[in-house]
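Below is one structure; the comments refer to it alone.
The values are calculated or read from the model by the stated rules, or taken from the named source; none is laboratory data. Quick caveat, the model's predicted, so the values are computed rather than measured. As a convention, Cβ positions derive from the backbone with ideal geometry for all residues, glycine included, and neighbour counts pool all protein chains shown.
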Amino acid sequence: MSKQKYKYNPKSLAYEEVSYSWWMKIVRSLLVVAPSLLFGLVFAFLFTRQMSSPKERILKNEIKIYEEQMARMNQDMELVNRVLDDIEKRDEDLYRAALYADKFPEELRRMGTGGSDKYAELQGLTNGELLMQTADGLDNIERRLNAQSLSFKELLDLAKNKEKVLASIPAIQPVRNTDLKRMASGYGWRIDPIYKTSKFHSGMDFTADIGTEVYCTGDGVIEALERNGWGYGNCIVVNHGYGYKTRYAHLSSFKVKAGQKVKRGDLIGLVGSTGKSTGPHLHYEVEKNGGKLNPIHYYHSDLSPEQYERLLKMSENSFKAFD
């Protein structure tokens, strides 16, 4: 039973019983109960923050396992990328060099696998950044593997035709030159015999008597027989395929016809001094995909290492061309 309260009345000089309205009683009751309610709410909040439900604990454990698995997956992807780096290097420096293949197009190695919004559905998710990083890493590996498979397919086709390829690549000297005395000027900057100025000499000159036999240096087809009053003079162009062409200039006569198939070692012409020439010699050039190459690197089938070194020194020490 609640304790009754009294209030002194100075007018009546007596204590009078204090009475409260119903709403004041409610307010007084709330003031008494409020601290307990507030304490209970605070305790419940802290309790729920610190104590997880069984379902929440299971979910947290699953998330932790997923994060650990994705971390291991990223480590594995780093290893795969290192292996692919090694494969790509072998592809360019070893396999393609051995098969005389062109460099694999870099744009194919960078070929994309999707648009810029490919990972839009992962944004905003828990660990979304980690998911996008992993997905991008997997796509990068897929792209590199696709490119490498294309490269290996090309190399496999070349390997199947290796005998034909090797027979077509220029590999001998165009004139008989076992004593290595038929060489006057090599590839590089030389003094022009007519204008006496420095000029890039895009082939090799072999001195020889008029009428000396000229041989095809690799299997191919006679692409052109040119007759010029200047420049190359009488000239033969052989298309060997696989991007290779050879040119034989300043000839006195032709021994083949345009369109004729020829083999390495076939007689195709005779040495002369036609066109822009200051003496009997053969000007010989090697082209690959339209670019002029140093012919001295294409005599490996008829020169020993010692002969090659000797010829290389002779070509480097010659500063005057015959054309």
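Could you list all residues from the range 216-245 that are over 34 Å from the mean Cα position of the chain (by Cα) and among the polar types (S, T, N, Q)?
ASN228, ASN234, listed by residue number.
Collect the residues in the range 160-207 that are assigned to a strand (DSSP E or B), out of contact with any helix residue (DSSP H, G or I) (no Cβ under 6 Å at 6 or more places or on another chain) and at pLDDT 85 or above, keeping them in residue-number order. Give the derivation first.
The first filter runs over the range 160-207 and keeps only residues assigned to a strand (DSSP E or B), leaving 185, 188-191, 198-201, 204-207.
Those left that are additionally out of contact with any helix residue (DSSP H, G or I) (no Cβ under 6 Å at 6 or more places or on another chain): 185, 188-191, 198-201, 205-207.
ASP205, PHE206, THR207 - these are the residues of the range 160-207 that are assigned to a strand (DSSP E or B), out of contact with any helix residue (DSSP H, G or I) (no Cβ under 6 Å at 6 or more places or on another chain) and at pLDDT 85 or above.
Can you name the strands (runs of 3 or more DSSP E) wholly within the range 258-312 that have at least 1 residues being of a type in the set (D, E, K, R) and over 25 Å from GLY220 (Cα atoms)?
Details: elements: 267-271, 281-288, 291-293.
Qualifying strands (runs of 3 or more DSSP E): none found.
Which one is farthest from GLY279 (Cα to Cα) among residues in the range 249-260 that are in contact with an Asp or Glu (Cβ under 8 Å, 6 or more places away or on another chain) and either of a type in the set (Val, Ile, Thr) or in contact (Cβ under 8 Å) with a residue 40 or more places away in the chain (or both)? Steps first, answer last, please.
Let us first name the residues in the range 249-260 that are in contact with an Asp or Glu (Cβ under 8 Å, 6 or more places away or on another chain), namely 249-250, 256, 258.
Checking which are either of a type in the set (Val, Ile, Thr) or in contact (Cβ under 8 Å) with a residue 40 or more places away in the chain (or both) leaves us with 249-250, 256.
Numbers: ALA249: 12, HIS250: 10, VAL256: 24 Å.
For the range 249-260, the residue satisfying everything is VAL256.
Within the range 222-233, can one find any residue that is surrounded by fewer than 16 Cβ atoms within 10 Å (Cβ to Cβ) and in a helix (DSSP H, G or I)?
No: zero hits.
Which of the residues belonging to the range 155-183 are surrounded by fewer than 17 Cβ atoms within 10 Å (Cβ to Cβ) and charged (D, E, K, R)?
Matches in the range 155-183: ASP157, LYS160, LYS162, GLU163, LYS164, ARG176, ASP179, LYS181.
Considering only the range 63-105, state which residues are touching a Gly at 6+ places or on another chain (Cβ under 8 Å) and assigned to a loop (DSSP other than H, G, I, E, B).
Selection gives ASP102 alone.
Taking GLY265 and the conditions (1) of a type in the set (Gly, Ala, Ser); (2) buried (at least 17 other Cβ atoms within 10 Å of the Cβ); (3) within 16 Å of ARG176 (Cα to Cα), which numbered condition does it fall short on, given that it satisfies the others?
With respect to (1) of a type in the set (Gly, Ala, Ser); (2) buried (at least 17 other Cβ atoms within 10 Å of the Cβ); (3) within 16 Å of ARG176 (Cα to Cα), GLY265 is out only on (2).
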